[in-house]
Structures are given as C-alpha cells and as structure tokens.
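The values are calculated or read from the model by the stated rules, or taken from the named source; none is laboratory data. Please read these numbers as outputs of a predicted model, since none were measured by experiment. We place every Cβ from the backbone using ideal geometry, glycine too, and count neighbours over all the protein chains shown. Keep in mind that these areas ignore ligands, DNA and RNA; they rest on the heavy atoms of the full protein, side chains included. Shrake-Rupley method; radii C 1.70, N 1.55, O 1.52, S 1.80 Å.
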Amino acid sequence: MTSQSRNKRYVPWRIRIAVSVIAVYVLVALFAPLLAPYGQTEIVGRQFMGWSSHYLLGTDNLGRDVASRLIWGARNSVGIALVTTLLTFFIGVVFGLLAAALGGWIDYILSRIVDVIMAIPSLIASLMMLTIFGTSVLTLVLVIAVLESTRVFRLARAVALGVVVQDYFIVAKMRKEPALYLIREEILPNVLPPLAVEFGLRFCFVFLFISALSFLGLGLQPPLADWGSMVRENAMMISFLIFTPLIPAAAIAVLTIAINSVMDWVLDRSRQSRL
Amino acid sequence: MNSIARLVLRRLAIGIALLLIVSLLVFFAVELLPGDIAQVLLGQSATPEAISTLREQMHLDQPAWLRYVHWLGGFVIGDMGKSLANGQDIAKTIWQRLGNTIFLAAFAAFISVPIALGLGILTAIWRGSIFDRLANSFVLAAISTPEFFLAYILIGVLAVKFGLFPSISNINDGLPFLERLYRTVLPAITLTLVVTAHMMRMTRASIINILSTPYIEMAQLKGLRHSVIILRHALSNSWVPIINVVVLNLAYLITGVVIVEVAFVYPGLGLLLVDSVSKRDVPVVQSCCMIFAATYISLNLLADILSILANPRAQERG
C-alpha cells in the first residue's frame, strides 16, 4: 500500500471526477427550466432534424428539441428515482429496525413476507402490478418502492441485529423505553454508515430499473421527457447511423457508473480503516 | 433417511410452497382492481355487450376461490385459457415463445459461463494487477449500463455500420439451426456482456474468500507453488460457490432477457409479456409471470440443492 492511500484526506482523481459528474447532474436537474432552451413538450420544428446551432442535438420523432428534453429528463428521471429510493429506504429501514428491535412473531412474519417477495424476480412482479394498477407515476413509485424495500429491510435488520445484543441496548430495553425511542436513539445512529452506502447502490438500481421500465414503454409516460422513453421513441434513428438516441442512454450509464465508483471507493476505505 | 435427503426434501417443500404462494399472488392481484374487473379492463368506452361477454369468458359470476382452483388446475395441465386481445389459445403461443427464449438464454449461457468463470478465477489469482483492475472497470461499467444501451450500440456498430448481423431477430420455427443461431447472435452477445460481468464479480469474490482461509495460508507457509495452491487446494473447495454463481446468474438471465428481447424485437416470452402488459391482457400476463417466476424459483432451488449435495461437510454430517 502506498503512503498516499494511507492518507485519510487523499482522494484519487477517478473519484474526484465521479463526484463532479454527480454534481453536474444535480445542478442540471435543479436548474432545468433555466438551462433548457425549449419546453419539454414543445414542438419546435420538423421531425428528426440534424444537429444545428438552433437545435443542438436536433429534433426527435415529434419535432421536439432533443437537447431540451435531455435537460428536462435529468429532472424527471433522476428526481423520480430519488423519490422512489427515499421511499424504499423509509419502508425498508422502519420495518427492518422494528423487526430487529421487537423480534418474536413480528420479526418472523415480516421476514417471511420479504422472503416471498424476493422469490419473485422484481421486473416480473412490477410488470404484473403495473398491468393491474395502470402506469401512472404514483403507482410506479409505490410498486418499485415496496419491491425494493425488501432488500433494504434485510440489510437494516441484519445490521441492527448486531446492535440489539449490545449491553447498552439491553439496558435501554430493560428501562422499558418505547420501541420508537429504541430505534431512533439506540439503533439508528449505529446503523447509518452501512445504510448510507446501500442508499447509493440502491439508487443506481432503482434508477436503472425505472429507465428499463420506461424503455419498455411502461415507466414514465409521454409526453414527459425521460431518458429511458427517449431511447425507445427514437431508437429507429440508429438504423440510419444517427446516434442521437444513444445520448440519453449514455447519460443514464455515466451517472450510475459515477455513483457506483464513489460507493465502491467508500466501501473500500471503510474496510481499510477497520484493519 | 440421512440428513442430506432430509435437507433436500425440505428445500423442495419450501420451493413448492413458494410456487403456490406466488400463484395465489398472481391470481388474486387482479382481484385488487377497484370495481368491476371487466369494466376496468375494457375501459370506459366499452359497450355493455362487450363487458358481459368478458364477464362470462372470465367466469366472473363464480366465487374467486373457485376460479383460482380452475385456473391453477388448468395451468398445471397446460390449459391457460384464451387471450383477451386476440382470442388465441395462450398455451400454444407461450410454448412457441418459451422455446425461442430458452434458445436465446442457452446461447448466452453457453458463451458467458466459461468466459466469466475463467476471468473470475484469473482476476482472483492476479488480484491487484493491471489485468484485475481492467477487468474490474469492465465489470463496473457493464453492471452500471442499461441493457438497452449495450443493445443499441451493438445494433449501430455491428448491424448497421458493418452489416455483419441482422439488427432485428426475425426468428421462426422453420429456420435451419445455423441461420437461427446467426440471427440470434446480437441479442445473445448483449445478454452475455451483462451476465458475464455479474458472474465474474461473484466468482472472483468467492475465490478470494477461499484464498483468505487458514488452510490456504498453511499451504503457502509450507512453500507450495502458487499454481498448486490454486488448482489443488482452493479450486476443489470452490465448486459450491461457483455452482451457486452460475445458477443464480442463469436466474438473472430471466429478467435481462425481457429488455433484450424488446430491443431486438426477438419473439420470445419477454416480448410477449411486455406486449400483453401494455394491452392489459391479464390472462396472458398471469401465465407469463407464472412461468418466469416458476423458472426463477426452480433455478434458485436447484442452486440450493446442488450446493447441499456438493458440500463435503454436509455429507460428513450424514
């Protein structure tokens, strides 16, 4: 190991770049209305126009400005994935910690429910649910959050089980503190670091998942600008060797690669500092 | 009865119970629809005649549990009813599509399993080398990339630019084997890229896990050659995790296949499922979901059972 990597404050260039990339995405998502030259549903010209100074990345299958839709897409695709991940964590962490703190039959029942949900591939389960409840943004967010929260549940429960055998927790329980207090004051502070990394990884997964559903035409619905649907709508351009439809797909890939690299690095470092 | 047989039977029983629960979920999820199912499925503009025909076709006048028993019984003997969209026999369509999907998945597995295991073992041995780092970057990129991105890059470059392979997989039963293989190459490569990355990462992790155990350290301290340690000592204990990795990734192929089939318009079960979801063709969706879920559960079960059988420690206990 080099002396550089021992230094706590040393951050490799790879990671600095990845963090800046994530920051750019966040800024674009926040300031989309200021940055985008046109509205996301606005029809500005003919269909499939080439790249020009007016329409930086040309126009799409309905004559909408691709560059503007790309920018709005940052807000829609990343925003909805973020909301979904937050909800996923809320459900998963609350039930996971409850199961660990209370134990007994509550733990048993919750764990068996999670086992059953995890036995079904999540893409298949969500396609089934979307057939029944229709494809609105709300159902999309709820269905994915419930399905994905199973993985967070398992992690939160497993980490918390390490806490509930500690003396300070047993003492707090003997003081007859309420369950909410036990979770908030005793367990949560001790399980936050592993959950934070999991949040990044889970976000990537949810983001890819929603993009895949949108690509299948079952995620975010038109005319909302969304990266997965943009690929679907303009895929035929590839047969004419116009690679514009790949730009939103690349936008998805770059963001997930950046987040995954940062999380990998954080995990690596926490492992090293423990040694 | 020895303990291995008991363990295997236990897993089998759990698997069957899971399948039953999944079938209950798949069937009764439809009952969650608010109001009249026929009305909701056909939409607001449906005529009363159409609705009453559908009610009759779905036997909505019978209680739900009776319909479930009929449905499951029919499913087991291969009678899945008729499609709402085109009135065709579902079982016939599904068998044909399932064949195509298995062909594609088998093709992808055939390429990816040897590559992934080879690369996974090599990166574990040469851990920290440039080769390992390059391979890890590839893995990170491949698992962070949407499947459809890879699919369209391959279509753009290999199909359109160089014209090597057809961009749309036009498959039918009458095709000779080689022609069929040729038309399936691009979707198979896409799937291979994704699955190889996952499988390689898991193989590497499990080998590294074994290399850090005390008996390997002992072998190193004895002064054995590196290759002997890997081949004789580490690998013989790696079969359990490796079998697990392979089978679990075959299960992963199931969901990957849906997106890849849509990107290449490959007439498999995944494309059928997605088409039926957008048409809200409930009986077809139910049947497809049951087949996907059953395959997934069976593969996981197979992984469990194989690792019980291959684990020498479990056998000693018997």
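Considering (1) modelled with pLDDT of 80 or more; (2) part of a helix (DSSP H, G or I); (3) within 9 Å of another protein chain (Cβ to nearest Cβ); (4) surrounded by fewer than 18 Cβ atoms within 10 Å (Cβ to Cβ), the lone condition that A:SER239 does not fulfil carries the number (1).
For (1) in contact with a Ser or Thr (Cβ under 8 Å, 6 or more places away or on another chain); (2) part of a helix (DSSP H, G or I); (3) more than 30 Å from B:VAL285 (Cα to Cα), each residue gets a yes or a no:
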{"residue": "A:TRP105", "(1), (2), (3)": "no, yes, yes"}
{"residue": "A:ILE113", "(1), (2), (3)": "no, yes, no"}
{"residue": "A:LEU123", "(1), (2), (3)": "yes, yes, no"}
{"residue": "A:MET129", "(1), (2), (3)": "yes, yes, no"}
{"residue": "A:LEU147", "(1), (2), (3)": "yes, yes, no"}
{"residue": "A:ARG151", "(1), (2), (3)": "no, yes, no"}
{"residue": "A:GLY162", "(1), (2), (3)": "no, yes, yes"}
{"residue": "A:TYR168", "(1), (2), (3)": "no, yes, yes"}
{"residue": "A:ASN190", "(1), (2), (3)": "no, yes, yes"}
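In the set B:SER137, B:SER206, only one residue is polar (S, T, N, Q), within 23 Å of B:THR255 (Cβ to Cβ) and part of a helix (DSSP H, G or I); that residue is B:SER206. Residue check: A:ILE113 meets all listed conditions (1) open to solvent by 50 Å² or more (accessible area, probe 1.4 Å); (2) more than 17 Å from B:LEU25 (Cα to Cα) but one, namely (2). B:LEU181 - would you say it is surrounded by fewer than 19 Cβ atoms within 10 Å (Cβ to Cβ), hydrophobic (A, V, I, L, M, F, W, C) and part of a helix (DSSP H, G or I)? For B:LEU181, the condition - surrounded by fewer than 19 Cβ atoms within 10 Å (Cβ to Cβ), hydrophobic (A, V, I, L, M, F, W, C) and part of a helix (DSSP H, G or I) - is met. Just one of the listed residues (B:TRP71, B:TRP95) is open to solvent by less than 90 Å² (accessible area, probe 1.4 Å), in a helix (DSSP H, G or I) and aromatic (Phe, Trp, Tyr), namely B:TRP71. Cβ separations smaller than 7 Å between residues 6+ apart or across chains give the following pairs from segment A:135-161 residues that are without any contact (Cβ under 8 Å) to a residue 24 or more places away in the chain to residues that are aromatic (Phe, Trp, Tyr) and open to solvent by 60 Å² or more (accessible area, probe 1.4 Å): A:THR139/A:PHE133. Among the residues of segment B:108-128, those that are open to solvent by less than 40 Å² (accessible area, probe 1.4 Å), in contact (Cβ under 8 Å) with a residue 12 or more places away in the chain and not hydroxyl-bearing (Ser, Thr, Tyr) comprise B:ALA108, B:ALA109, B:VAL113, B:ALA116, B:LEU117, B:GLY120, B:ILE121, B:ALA124. Number of residues in segment B:264-283 that are of a type outside the set (Phe, Trp, Tyr), in a helix (DSSP H, G or I) and open to solvent by less than 10 Å² (accessible area, probe 1.4 Å) equals 7.
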